[in-house]
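This report concerns only the one structure given below.
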């Protein structure tokens, strides 16, 4: 079963050890990044890692504006918009395992080297219909 | 097995097939098939004559493909007979391939993919891995690119500037995978320099060599970026620097200056400085001015401001920066740096944090975040 782990720049409930990264020490920033890299590498070795990407906070909303007209863009995003920072796709045997892994990822160290307890969004992928249905 | 040999032979073998009458698209497909076959077979059974082997296998593939195509169209099979060998492929064939694969009708990403496959002898899978896209996507990109250039005659002279732009992209946007794209770009530029005599080809080659020399010191063991001023210069590759400088000097002596030669000259001045403090910033600013005369490029303007900040002080750098479009990527990062030099860590920290939000790569974002963190920690 595949799950999407979503990390937010903003829009998730506030974590426990929640401080902007530029108020950490440079070493704390490095340790945080190292933890994330190690986590992804470890999941690759257990055969549970599928994909992961980081997103820039920049961007815009875009929509169709009718035949022969250029698309309308609306940006930059307002401060109130929920903003995704990145994702990781994992392929695991159960919801419980997905939750366990999200919990580990959320324990990444932050300010003062303490876990940031950040809220991650865990979302199951919709699957293909099963072959046997009765 | 010798993958380098295989890659070097690829454009020659395509040249042979085209001279025997294959069209570029079908001939290139056949050579790619032969290449994949060689990668499978050669490790256990290396051929005595690698090029002959490739030509034979590729030609057979081409005939098979053409036959089934012809049969499908219910046409006479006219390609039954073995062809005359045709004239041997020459350096001109390879040069024509460079031009074709960098044809101005192609988008940059298509030109890059086609060049890596037809001139570089990489497999579709290797190219796909290097650019982090599925193999099917890359295969489709390449076949569309070939359709785009299908009407182009192979004997027309092309524009070397378009070829250089493609090679620059390959060098500058190296991602991951088991193929080192920057090294591949250097190889392809070296090869180009053997088939065409042009000072800008030398300029680009020199630029690549000089930047390659610094590559090992650009990243820390944990993957983080190390800025030029903080790099361990004893780890720079002096052999590559010497070669880059030599290639550049020969090009400059011909008195036909171009953008790549000017960029290489700046890289050479950095390479020449034993420490960051001893960098000849005045001469670097002069080369930036030269670059701006060659083409008024906003990114060059931006990079120039940092050099001005070193040559004439941060205030002069900030004054120059005020003339540059603030929407440019890295404008905020340059401003942060100049404000820090100017003794204003509070403004610099705020700008570093803002620059991190605008960064286009994770490594750059993390670097700028650390810079902001460093200044904020000092202020506390």
Highest-MSF residue in chain B out of B:233, B:304, B:147 [GNM, Cα springs under 10 Å]: B:147
Ranked list, fewest to most other Cβ atoms within 10 Å of each Cβ, for A:7, B:51, A:14: A:14, B:51, A:7
For A:61, A:77, B:62, order by how many other beta-carbon atoms lie within 10 Å, fewest first: A:61, A:77, B:62
Kirkwood Rh and Cα Rg combined as Rg/Rh, segment B:169-319: 0.97
GNM top mover of B:190, B:301, B:293 - chain B, alpha-carbon springs below 10 Å: B:293
Distance from segment B:275-342 to segment B:108-158 (C-alpha centre basis), Å: 37
The protein assembly as shown: translational diffusion in µm²/s, Stokes-Einstein, Kirkwood Rh over Cα pairs, 37 °C, 0.692 mPa s: 124
Per-residue Cβ neighbour rank within 10 angstrom, fewest leading, B:281, B:59: B:281, B:59
Protection-proxy order for peptides A:88-99, B:156-167, each taking the mean of Cβ atoms within 10 Å per residue, highest first: B:156-167, A:88-99
Pairwise FRET efficiency - residue B:229 versus residue B:289, Cβ, R0 = 22 Å, nearest 0.05: 0.50
R0 of 25 Å, Cβ-Cβ distance residue B:64-residue B:132: FRET efficiency to nearest 0.05: 0.15
Euclidean distance of C-alpha centroids, segment A:36-73 and segment B:174-239, integer Å: 30
Residue among B:336, B:220, B:267 with the largest mean-square fluctuation in a Gaussian network model of chain B, springs linking Cα atoms under 10 Å: B:220
Dimensionless Rg ratio for segment B:3-79, taking C-alpha atoms and the 2.2 N^0.38 Å reference: 1.14
Segment B:90-106-segment A:78-129 distance, computed between alpha-carbon centres (Å): 48
Whole-number Å³ per residue for the convex hull built on Cα positions in chain B: 165
Compactness of segment B:93-177 as Cα Rg over 2.2 N^0.38 Å, two decimals: 1.02
15 Å tail of the calculated P(r), segment B:297-380, as % of Cα pairs: 53
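We did not get these values from a lab; they are worked out from the coordinates using the rules stated. Treat the numbers as computed from the prediction; the structure is a model and nothing was measured. Methodologically, a virtual Cβ is constructed for each residue, glycine included, from the backbone with ideal geometry; neighbour enumeration extends over all protein chains shown.
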